[in-house]
Amino acid sequence: MNRFMTLMMAIAAAVAIVSCAPREPEALLWLPGGDPDVEADIVIDPALDLHEDGFMIKDTPQGRQILAKTDVGAMYGKYALQRMERTGKASGVLDVREEPSYDRRILNHWDNLDNTVERGYAGWSIWHWGEPVPVRLIEEYSRLNASVGINGSVLNNVNASPEILRRDYLERVAQIADIMRPYGIHVYLSVNFSSPAALGGLPTSDPFDTEVQQWWKEKVSEIYGLIPDFGGFLVKANSEGLPGPQDFGRTHADGANMLADALAPYDGIVMWRAFVYSPKSSDRANQAVEEFEPLDGQFRDNVIIQIKNGPVDFQPREPFSPLFGRMSKTALMPELQITQEYLGFSNHLVYLVPLFKECLDSDTYCSGEGSTVAAITTGSVYPETYKTTAIAGVANIGRDANWCGHEFAQSSWYGFGRMAWDTGLSAEDIALEWLQQTFTSETEFTEPVLDMMMSSREAAVDYMMPLGFHHIFAWGHHYGPEPWCEIEGARPDWLPKYYHKADSLGVGFDRTRGGSCNVDQYHEPLASIYNSIATCPEDLLLWFHHVPWTHTMSSGRTLWDEICFRYDRGIKTARSYLSVWDEMKPYVDAERWEAVRAKLEIQESDARWWRDACVQYFGEFSGMPVPAYVEHPERPLDELKAIRLDMKHHN
Ligand code: GCW
């Protein structure tokens, strides 16, 4: 068997959804078993001037105290103190006060009722639909979430089956909610907009139809009868073929408000996704603003618009979604993707908090300087608009013994929670505390491995899609490169050529005022900065511009040479991880060391695969040679074009 087939088989094995060996939870994650074992008196005082999830840790003459308004707040205080103890920050006199940045810190599980997980690379669904409820597993999951402040869980896929609202499923959801409740976690469900017709047997699901409205009211009442602290609904409507209010000539606001009215008596919320696009739109990146901005002010106050971090789709690097800066009278929440759909699945070590923070820290300028995505969505830019604040992360969790398929993928779950709790934490601080709790505090280990984690997102951008390239993934599964991909009858905005637009003159998507005008969805000064090739950040160059191959970059290299240089740099960084990890053998148990080593080999090999594919394919357009100072492609393009990975996901 040749090297390449071995690699392909390794990939297929790694991404196949398989049932896994029983886990040993205590051994495998950042948290020791059992309740947090900290020495402090707990003082619950509902009169405290504190967020209901907040806490204080104080050293008083009577000893160490954790003060909170609620039991859940006290629990967060205990976990925080335990973390401080384990990371060497609990000595001296403590005077800590913490309140969460977001009220709702939510995981979105894209889990289907047949236990498959859309874009999941860590095994079957942990909810074990149709099997006995795995009480201990769900307790362990809840404890891990609680320890980092995650307080919400959407159990099912946004591509929602109407069946989830059947009585038997709701009873099951109630059992899960009962297990999660002591950990402060609220359960939410994704709902299918045509449930009244598909499940309820009504002739329509038109939100203006009174029978439809009544159906939802009764369904919501049934849910709250079973789950009194149910959080609400997440809805993907009129997106990628799913039904929605536009099917009946109604708007997103009409649809969201109908559900919001049904949920309002119980304080439930609607998280309505802005991930919409159609092949008719001139630029997929424009569509969310085109559809949602005109509706600003029309949504009920218990509706939050859930916006992906980038305007296209969780790419290794995108600019922030301009919609964050375009709605002042509607609450907005970010949706980040923890599962690595576009970042090498659970095979690549890519620590995602730097990517998440890049989005949250982006300044939209919608209300002057400092109107960052974090400031808007935590309610500080338009406080009167936000009844509640929220952030979502698409979970990377499955039944694998290590939960996430890659030991280091846990750090992005951990990091999402920590960052949702405190957007001011640095990606580096979060990574370090995760390493200390998960592996060891020895600096011989933490320093090099921290560097590896912190460079990993940029490395992935380099070896997959540098300089603003996006969506040049293989069809369907989004694992490897396929910039040449053509599928007869496929929607154009699912195909790489739509995004890279390579020709003999240059490459990149013209989103300037001479192109799709996407730049004008951003506020000044960004619109003009992005519009000009001279001022556009190079990391986003090919996102916003169609650039001549001979264009001179800030490095002095031509665009073509810079592309080759970046792919090469990405490979070299990925390769350096192997030697870093080899040095770490004395600090890590053999099982975890081997597992990570094997994945790092795949990562390095995949990086070369990306380079071979992209440099040779784009080289056919540029007609320019690969510069002498970089490693040259190894495998012929024809061989790469013949690769077919059998992974069953829709695009
Ligand atoms: O781009 C797509 C993903 C789909 C996902 C969709 C979405 C849940 O490839 O798998 O469906 O985004 O976010 O709705």
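The values are calculated or read from the model by the stated rules, or taken from the named source; none is laboratory data. Note that the structure is predicted; figures quoted are calculated from it, not measured. Cβ atoms come from the backbone with ideal geometry, glycine included; neighbour counts cover every protein chain shown.
Quick rundown of the values:
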| read-out | value |
| --- | --- |
| Residue that is nearest to ASN159 (Cα to Cα), among those in segment 203-245 that are out of contact with any Ser or Thr (no Cβ under 8 Å at 6 or more places or on another chain) and within 16 Å of the ligand (Cβ to nearest atom) | LEU242 |
| Unmet criterion (only one of (1) buried (at least 21 other Cβ atoms within 10 Å of the Cβ); (2) touching a helix residue (DSSP H, G or I) at 6+ places or on another chain (Cβ under 6 Å); (3) over 23 Å from ALA390 (Cα atoms); (4) not polar (S, T, N, Q)) for LEU67 | (2) |
| Yes/no for ILE269 being of a type in the set (Val, Ile, Thr) and either surrounded by fewer than 24 Cβ atoms within 10 Å (Cβ to Cβ) or within 16 Å of the ligand (Cβ to nearest atom) (or both) | no |
| All positions within segment 322-344 that are among the polar types (S, T, N, Q) and more than 13 Å from the ligand (Cβ to nearest atom) | SER328, THR330 |
| When residues of segment 635-649 are limited to those that are surrounded by fewer than 14 Cβ atoms within 10 Å (Cβ to Cβ) and either within 16 Å of the ligand (Cβ to nearest atom) or of a type in the set (Gly, Ala, Ser) (or both), the one modelled with the lowest pLDDT | LYS648 |
| Segment 454-477 residues that are more than 16 Å from GLU604 (Cα to Cα) and touching a residue at least 40 places away in the same chain (Cβ under 8 Å), paired with ones that are part of a loop (DSSP other than H, G, I, E, B) and among the polar types (S, T, N, Q) (beta carbon under 6 Å, 6 or more apart) | HIS470/GLN315; GLY476/ASN651 |
| Residue list for segment 358-379, restricted to those being of a type in the set (Ser, Thr, Tyr), under 18 Å from the mean Cα position of the chain (by Cα) and more than 17 Å from PRO100 (Cβ to Cβ) | SER362 |
| Within segment 537-573, tally of residues that are assigned to a loop (DSSP other than H, G, I, E, B) and surrounded by 22 or more Cβ atoms within 10 Å (Cβ to Cβ) | 1 |
| Boolean, TYR530 is within 24 Å of GLU341 (Cα to Cα), among the hydroxyl-bearing types (Ser, Thr, Tyr) and in contact (Cβ under 8 Å) with a residue 12 or more places away in the chain | no |
| Matching residues in segment 548-586 - criterion: being under 30 Å from the mean Cα position of the chain (by Cα) and farther than 30 Å from GLU444 by Cα | GLU562, ILE563, CYS564, PHE565 |
| Flag if PHE248 is under 30 Å from ASP493 (Cβ atoms) and either outside the structural domain of ALA260 (by TED's automatic domain parsing) or away from the ligand (no atom under 16 Å from the Cβ) (or both) | yes |
| In segment 417-450, the residues that are surrounded by fewer than 18 Cβ atoms within 10 Å (Cβ to Cβ) and closer than 17 Å to PRO334 by Cβ | ASP422, GLY424, LEU425 |
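So that you can scan it fast, the table gives a plain yes or no per residue for (1) assigned to a helix (DSSP H, G or I); (2) surrounded by fewer than 23 Cβ atoms within 10 Å (Cβ to Cβ):
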| site | (1), (2) |
| --- | --- |
| VAL461 | yes, yes |
| HIS470 | no, no |
| HIS478 | no, yes |
| ASP493 | yes, yes |
| TYR498 | yes, yes |
| ASP503 | no, yes |
